[in-house]
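Asks: Shown below is the structure under consideration.
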């Protein structure tokens, strides 16, 4: 008969198993919450680490930009390309080549030798 209840000992052991299962489930829930918290803080600290690297670089670039412009201008002056930045870097080489070609056409070898020194 399906309506018959199991003996009292079976109900007590079933109740004990259910309570044990409930305790295990609570422990699993606690461990899951700890893992979730660990993952969250790991992500937050990862973002903080990235910001600690990128923000000083950006701020440093913005702060040093005028000084870098001065250094680049000085460097261009040393190279002879001018500090305006509108001239092409190889313009002096192109001028030299044009002068060499003109001297070659005129046949003046002494000036060519002096120009190449």
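Asks: Just to verify a number: FRET efficiency for residue 37 and residue 9, C-beta to C-beta distance, R0 = 35 Å, to 0.05?
Replies: Numbers: r = 43 Å, r/R0 = 1.21.
For residue 37 and residue 9, the calculated efficiency is 0.25.
Asks: If you don't mind, another one. Using a 7 Å offset from the Cα along the Cα-to-Cβ direction at both residue 74 and residue 52, what is the distance between the two label points in nm, to one decimal?
Replies: 3.4 nm
Asks: Rounded, prolate or oblate: which fits the range 1-71, taking a ≥ b ≥ c as square roots of the Cα gyration tensor eigenvalues, rounded meaning a/c under 1.5, else prolate when a/b beats b/c?
Replies: prolate
Asks: Using a 7 Å offset from the Cα along the Cα-to-Cβ direction at both residue 22 and residue 97, what is the distance between the two label points in nm, to one decimal?
Replies: Computed distance between label sites residue 22 and residue 97 equals 9.1 nm.
Every number here is computed from the coordinates shown, using simple stated rules; none is lab data. Everything quoted here is computed from the prediction, not taken from an experiment. Here the Cβ is made from the backbone with ideal geometry for all residues, glycine too, and neighbour counts use every protein chain on show.
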